[in-house]
Structure formats: C-alpha cells, structure tokens
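Participant: Pasting a structure below so you can have a look.
The values are calculated or read from the model by the stated rules, or taken from the named source; none is laboratory data. Please read these numbers as outputs of a predicted model, since none were measured by experiment. We place every Cβ from the backbone using ideal geometry, glycine too, and count neighbours over all the protein chains shown.
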Amino acid sequence: MLGRGLLFVAIGFAAFASLAAPASARRPELLVAARRAMVAAAIAIAGSAVLLWYALFARDFSLSYVWASTSRAAQPWYTFSALWSGMAGSLLLWCLILAVYAAVFVRTRSPLLRPFVPWAIPVLGACVVFFVAITAVFENPFARLDVVPADGRGMNPLLHSPGMVIHPPLLYAGLIGLLIPFAVAVSAMVTKRPDWIGAVRRWTLVPWLALGAGLVLGGSWAYTELGWGGYWGWDPVENAALLPWLAATAFVHSSMVEDRRGMLRVWNVFLATAAATLAVFGTFLTRSGLLSSVHAFAESPVGRWFFVFLGVQTVLGLSLLAWRWPMLRADDRFDSAVSKEGLFLVNNFVFLAAVFVVLWGTLLPLTSEAIWGREIAVGPPFFNRVFSPLAAILLVVAAIGSVTPWRRGSSRAIVLRLTGPAIAATVLAGVTLLVTRRADASGVVWVATLLGATSLIETVRAARARGAATGSSTRASVAALLARNPRRYGGYLVHLGVAVMVIGFAGSLFRTQTQVEVSPGGSFDFAGYTFVYRELQRFSPPDKDVNLAVVDVRRGGGAIATLRPQLNLHRNWDQPQSEIAIRSTPRADLYLILAGTRATSDDTVFRVHHNPLVMWVWIGAVIAVLGGLSAIALRPRRRREASTPATRQAAWTR
Amino acid sequence: MDALILVGVLLVLTAWVAAPLYGRDAASATDDATRARLDALLGRLRELEVDHASGLVTDDGYAQQRAETEAEAARLTQRLDQVDPNGTD
C-alpha cells in the first residue's frame, strides 16, 4: 500500500507544480514552490522504487511482481535489475527517471535556461502525472497475490545478462530525456522567446548520447544472449528506439545552425517535438503489444492511454509551432549552399528520410493490414538496402561538413582539404576490393575512412595552427582545443567513432555460419579453424539443468582457445536458453552455440558463426561515447570572461 | 502502519513545498543571460581565429565574421556595463 500510495503522492505534487509554475508570473514564490513540488514528486517516486527493490531483495513473494521477476536462487545483480524486467516495474523505472530529470532540470542554475523553467514545468509535470497514473492504476507493481508462493518464478532467462543491468536504464534515460528539449521548446513558444536552442544544448546531448549508448548496449546484449549471431535485426522495438535517436541526431546538428546563425527555428521546434514524440511512440510500441518483438512486453491496457498521450503531445507541439510561426522567422539567410549550415540542412533531410524509412518499414504490418486486409512485413534485407545508401550519404556529408566553414566556403579549398582523406580512403577501399572482390565492402570502407581521416586530420590541423600561435605542442593543443571547443572537437571524436563502427558493420557482409552434429572426441573444420569437441558436462544447480560443452579451437596445428557454450533448461520457464561462447579478436569473432543434445547420447548439435570485425563495432562505440561525453562534460574555458568590465575588456582584446 | 508513514511523508513534503509561499522572495534581477551570451560570443571569436589560422576560413570570411561578432559582442558588453558597471566578482 505504501509503495502505491507514494505514487499517488507524486501525482499530487506534479499536478500542483504544473498549475503553480505558470501562475508564478504574478506570484514569484509560486515558482519556488513548483520547483520544490517537482523535487517532492521525484522523492515520492524514488521512495516507491526503493520499496519495490526492498521487496525484491527480501523475496516478498506476496507481491505478484516480485514472484514474477525474481526467485530465491537469483543473484544480487539480477535481483536489482528485476525492477525493470517486467511491465509494471519498467514503467516505475520510467517514472523514476522522468521525475529525476524533471527535478534536476527545474533546479537549473543556467541563466540561459532559467527563463524557460516556469512553462516547462507544466509540460514535465503533465508527463509525470500521466506516466505515474498509468503505473499506479493499470500496472501496479505492488499488487498482491491471494496465496503466497514459497518461491518466485524468476526473471526470463534471456534477461540474465550483465547488459540487462545497464541497457534498459540507459535506453530509458535517452528516451525520457528527450522530453526536456520538448518541454523547453513548448515554453519558448508560450513565452515568445526564440532563444531557447543554446540553453538546451546539454539537455539534448545527454539523452542523445544515452540513447545511442543504450542502442549499442542493446546490440551487444542481442549478440551475446539471443544466439542468432548478429547484433542488430531491425526488430520493431530496436527500430522504435532508433527512430527518436535519428530525429535527435538531426536536432543536435540543426540546433547548431540556429545557435550560430539564428536560422532553422521552425525546423528545430519540429525536430524537438518529433524526437520527443517518437520517444513516447517507442515506449507505446513496447508497452501496447501492438507489434511482436523479442523485447516487447505482453499486451496491456496502457497501450491505448499511450496513444492518447501521443496524440496530445503531437497536437500540442504542432499547434504551438503554427501559433508562433511568425516569431520563428530566421535572423539571417543562407549565404551559400557551400557552407556548414547548408550541409547541416542536407544532413537533416537525410536523417528525416531515414526516420521515414524506418517508421514505414516498422509500421508496414499494421498499415498493410488496415489498408489491404493482409499483413505485409519487411525484414532486414529491406532495411539494409534502403538504409545503407542514406547512411553512406550521411558519412560523406559529415566529412565535407568538417572541412566547410560557416556562411560560405570555397569549393576549391574544400576539395583541397578533402584530398588527403580521400586518398587514404581510396587506398584502403582499393585494398579491400583486391582482397575481398566485393564492391559493396569497398564502398563502405571508402566512406568510413573518408569520415574518420577527415575528423583526425582536421583536429591535428587545428591543433598545429593553435600550437604555432601559442608555442605549445600538438598534443597539448589537441587537449586545449577540446577544452575550448568541446562541441566541435568532441563531435569529431564522435565522427571518428562512427567511422570505426561502420568498418565493423562492413564485416557483417562476410559472415559465414555452419551447423554440425558431432560426438564427444570428434571434430569439425570451419572458417580455417578446427573445433575439437572434448566433452559434454551435465549438472543441475537449483533453478536449471545445464549442458556445457567443452570445445578446443585449433588453428595451424596449435590450440588457440577453449570455448564452453551452454544449453540450459530453466525449470520455472520450461524453455531452453543458450549461453553462447565467443572468441573475440580484432580480425573476427568465433561464435559457438550449443544448439541441442540427444536425449540418449552426448551427441551434440553446434551452430558456429564466423563474424569478421565485430570488435570494431564496440571499439568505435566506445570512441563515440568518449567524444559525446567530452562534448557534454567539458565546459568551454571562458566561463568567467564576461564577469567584470576588466575581464570583459581583457577577453575582447586578447 | 503504512497509512501512518504515508501521511507523515505527505505532511513533511507538503510543508517543505509550501514554505516559500509564506516566506520572502529573494530572487534578484541579474543579467546572467546576457553575460552567458557574451561568453559564447567570445568563444566563437576564438574558434574563428583557429579556423582562420588553419586555413578553414578565408581572409575575407574571417574579416567579415570577426566584424559581425565584434559588433554583437560590443552591443552586449555595452548593455552589461550599463546594468552591471562594477561586475559580479
């Protein structure tokens, strides 16, 4: 009762904040009270979450959610992550993250952001009221069972992964965080202040980075747990998280144009609305059971309420946009298409096309059934065929954009600056073509190298220029550049990481796999390796029956690894689950699955994948995240330059 | 017992939230936003200098953008000097 009661307390405080904040124009103290009310709502939701965690760790199986999500044999980490392993708990986590975001946001000290707080609070407060209400009313995580079982069913075995501890919170932090720029955009429209973009920069980068990292972690989880050999399957729920990330990436780029040139104002309000709406849409897809997916929760009544919320959010955003259209006129005009802002616009159109393609493909089963009466679905081949050219254009545009100045660039100068990266890209692509005889792989290597080399060379070039002016070393100058302009040079690091990831993606063109049945003591050859099946071990811990195969991997006569894949039968779930054994090297992954065993003997079916370059996907992601963190965490080193007349003058004349 | 705790939490949080309604508003008018904008402009000037030195921006482009940035910065500086003649430090 206490846990659910705290949720209703949170609804009360969030509702009060939503009403009090707009009234603060007449009574300023109401704004202070509204801010505190948002913090109080967060405290109440955190209290509710802590109570559910306590129930999970205390194995209080009188709660239906605890019974369904954990068992006495569960390890502490999986007991912790059980909070978000089911629909009710994951909604509670959603509410908690939203409330924490809102509480931190309303306490902002940023002078640029503070004017937007009074009208952003009603938006965030309404979101808190909505999400907490559907949790408390339709998906109460504190619902009790009539009879208390001795043990719980436990979490779905597929969720027994270290990634499960981090991936959902990170993904939610990304999706939910996109509501903050939306709330500020609404506030800007209501208060007629078009200068919101610069204020919301960090509040956009944080969810954008969290969502990107969450997507990669999700890919890593799929790769190591699901046992189909890949990390991205264009699953509807994967797509649902990708869509807001694509819109947010477009927004991250176009917001720079508005910040710098006072242009694309309408476009930015639209993108902030689109990113936030797609974030809620993604949650709607996961929660409604509308589309089947390995990630989706069972069908639930909350789906229709999400649909209503989506409608209100979209109508609100677009109505405000229409209402304030005259205010959103650009301060300036495009001087030339050959300019950074011109290329950012191209980048935005391509991102929007990518959003459309993914949305269309994801919803096709629904739309086709509604229009033609039969369900048509598209799979990875469709998405790969349509998405890949768009991604290639984006990489090339990003490379050109890195060497193009604001306002007007010289085509000749741009070509000259791209010559070095283009030569490097052509050499690597040529080598790839010679070795693989695959034009598609060669093309991927070309665009990725062009972007990666451009990012590196431009950073070094700027560092040298700075070093020449200040007398510092190139390494010190790189650090100084990053500290002085984290947005640009953090961005180059992100581009470099993306380029490395794309090289990793190219490896998927050369995946091979085989399936064999072999007896202990037997062996088989695949992809230049010899696999010697040493033995099958069978044992039974409290919650499952384990089959563990020991397989030695040899190459050129020498042993290089021993792999131990498992096939487990979880008794409470009555379903087999594979623990995949992976030998990962920069060149390729060997991915070994124990697919089945004979009941009467130890003969075993193995599925083996040879996945080239997968490690580079993860390395590239780490580089990109570091770049994103630099852009967020480093503050430009000029904070106090405008504090006093003396420092203002000094900064000016330096 | 649960009901008692819930009422206690509700009362404590309500008292904390409502306290500002019975106190004095200590908010003061400052021109922090202008100061932040001026800082951003000065940062933009530094970026422009690096771009010019590395050859990304031509001499003409540099002169034009520098003049525009300086004009905007001068306007903001003038405004700050008027509202905040002694500075905040």
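Participant: Provide a single number: the residues in segment A:216-230 that are in contact with a strand residue (DSSP E or B) (Cβ under 9 Å, 6 or more places away or on another chain) and either closer than 19 Å to A:P169 by Cα or part of a helix (DSSP H, G or I) (or both).
Facilitator: 4
Participant: Among the listed residues A:F356, A:F334, A:F344, A:F383, identify the single one that is farther than 24 Å from A:G452 by Cα, in contact with a Gly (Cβ under 7 Å, 6 or more places away or on another chain) and either of a type in the set (A, V, I, L, M) or modelled with pLDDT of 90 or more (or both).
Facilitator: Working: A:F356 fails: in contact with a Gly (Cβ under 7 Å, 6 or more places away or on another chain); A:F334 fails: either of a type in the set (A, V, I, L, M) or modelled with pLDDT of 90 or more (or both); A:F344 fails: farther than 24 Å from A:G452 by Cα.
Checking each option against the conditions leaves just A:F383.
Participant: Something else: With of a type outside the set (V, I, T) and at pLDDT 90 or above as the only criterion, which of A:G409, A:G401 stands out?
Facilitator: Details: A:G409 fails: at pLDDT 90 or above.
Testing whether each residue is of a type outside the set (V, I, T) and at pLDDT 90 or above leaves just A:G401.
Participant: With respect to the numbered conditions (1) small (G, A, S); (2) crowded, with 20+ Cβ neighbours inside 10 Å; (3) at pLDDT below 95, which one is the sole condition not fulfilled by A:S473?
Facilitator: Here A:S473 meets the rest and fails (2).
Participant: Has segment A:181-195 got at least one residue that is farther than 30 Å from A:D331 by Cβ and assigned to a helix (DSSP H, G or I)? Working first, answer last.
Facilitator: Going through segment A:181-195, the residues farther than 30 Å from A:D331 by Cβ turn out to be none.
Taking every residue of segment A:181-195 in turn, none turns out to be farther than 30 Å from A:D331 by Cβ and assigned to a helix (DSSP H, G or I).
Participant: So, in segment B:42-61, exactly how many residues are more than 9 Å from chain A (Cβ to nearest Cβ) and either under 18 Å from A:D332 (Cα atoms) or touching a Pro at 6+ places or on another chain (Cβ under 8 Å) (or both)?
Facilitator: The number of residues fulfilling the criteria is 0.
Participant: Something else: For A:L178, are the conditions met, namely being outside the structural domain of A:P22 (by TED's automatic domain parsing), modelled with pLDDT of 95 or more and under 22 Å from the mean Cα position of the chain (by Cα)? Walk me through it before giving the result.
Facilitator: Details: outside the structural domain of A:P22 (by TED's automatic domain parsing): yes; modelled with pLDDT of 95 or more: yes; under 22 Å from the mean Cα position of the chain (by Cα): yes.
In short, yes.
Participant: Six or more apart or on different chains, Cβ atoms under 6 Å: show the pairs whose first residue is in segment A:91-117 and at pLDDT below 90 and whose second is assigned to a helix (DSSP H, G or I) and buried (at least 23 other Cβ atoms within 10 Å of the Cβ).
Facilitator: These pairs meet every condition: A:L112/A:A199; A:L113/A:A199.
Participant: Given the criteria surrounded by fewer than 17 Cβ atoms within 10 Å (Cβ to Cβ) and either of a type in the set (K, R) or modelled with pLDDT of 95 or more (or both), does A:R607 qualify? Let's see the steps before the verdict.
Facilitator: Details: surrounded by fewer than 17 Cβ atoms within 10 Å (Cβ to Cβ): no; either of a type in the set (K, R) or modelled with pLDDT of 95 or more (or both): yes.
So A:R607 fails the test.
Participant: For the list (1) at pLDDT below 95; (2) on the phi < 0 side of the Ramachandran plot, I need the number of the one condition that A:G528 fails.
Facilitator: With (1) at pLDDT below 95; (2) on the phi < 0 side of the Ramachandran plot applied to A:G528, the lone miss is (2).
Participant: Related question: Could you say which residue among A:T426, A:T404 is hydroxyl-bearing (S, T, Y) and part of a loop (DSSP other than H, G, I, E, B)?
Facilitator: Working: A:T426 fails: part of a loop (DSSP other than H, G, I, E, B).
It is A:T404.
Participant: Right, another one. For segment A:98-137, give me each residue that is among the aliphatic types (A, V, I, L, M), surrounded by fewer than 22 Cβ atoms within 10 Å (Cβ to Cβ) and either in contact with a Pro (Cβ under 7 Å, 6 or more places away or on another chain) or more than 20 Å from A:M1 (Cα to Cα) (or both).
Facilitator: A:V100, A:V104, A:L112, A:A126
Participant: If I filter segment A:161-181 for residues that are in contact with an Asp or Glu (Cβ under 6 Å, 6 or more places away or on another chain) and under 18 Å from A:S85 (Cβ atoms), do I get at least one hit? Outline the logic, then answer.
Facilitator: First, pick out the residues of segment A:161-181 that are in contact with an Asp or Glu (Cβ under 6 Å, 6 or more places away or on another chain): A:161.
Then drop every residue that is not under 18 Å from A:S85 (Cβ atoms), which leaves A:161.
Taking every residue of segment A:161-181 in turn, at least one turns out to be in contact with an Asp or Glu (Cβ under 6 Å, 6 or more places away or on another chain) and under 18 Å from A:S85 (Cβ atoms).
Participant: With segment A:521-577 as the region, which strands (runs of 3 or more DSSP E) entirely inside it contain at least 1 residues that are of a type in the set (D, E, K, R)? First the steps, then the outcome.
Facilitator: Details: elements: A:523-526, A:529-539, A:544-555, A:558-563, A:566-570.
Strands (runs of 3 or more DSSP E) meeting the threshold: A:523-526, A:529-539, A:544-555.
Conditions tested, residue by residue: (1) of a type in the set (K, R); (2) farther than 25 Å from A:F387 by Cα; (3) without any contact (Cβ under 8 Å) to a residue 40 or more places away in the chain.
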site	(1), (2), (3)
A:A465	no, yes, yes
A:T470	no, yes, yes
A:T474	no, yes, yes
A:S477	no, yes, yes
A:L482	no, yes, no
A:R487	yes, yes, no
A:H495	no, no, no
A:L509	no, no, no
A:G528	no, yes, yes
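Participant: Could you say whether any residue in segment A:247-255 is in a helix (DSSP H, G or I), within 30 Å of A:P612 (Cα to Cα) and in contact (Cβ under 8 Å) with a residue 40 or more places away in the chain? Let's see the steps before the verdict.
Facilitator: So in segment A:247-255, the residues in a helix (DSSP H, G or I) come out as A:247-255.
Still in the list and also within 30 Å of A:P612 (Cα to Cα): A:249.
Those left that are additionally in contact (Cβ under 8 Å) with a residue 40 or more places away in the chain: A:249.
So far as segment A:247-255 goes, yes, one or more of its residues are in a helix (DSSP H, G or I), within 30 Å of A:P612 (Cα to Cα) and in contact (Cβ under 8 Å) with a residue 40 or more places away in the chain.
Participant: From the list A:I503, A:I423, exactly one residue is of a type in the set (A, V, I, L, M), more than 14 Å from chain B (Cβ to nearest Cβ) and surrounded by fewer than 16 Cβ atoms within 10 Å (Cβ to Cβ). Which is it?
Facilitator: Working: A:I503 fails: surrounded by fewer than 16 Cβ atoms within 10 Å (Cβ to Cβ).
Testing whether each residue is of a type in the set (A, V, I, L, M), more than 14 Å from chain B (Cβ to nearest Cβ) and surrounded by fewer than 16 Cβ atoms within 10 Å (Cβ to Cβ) leaves just A:I423.
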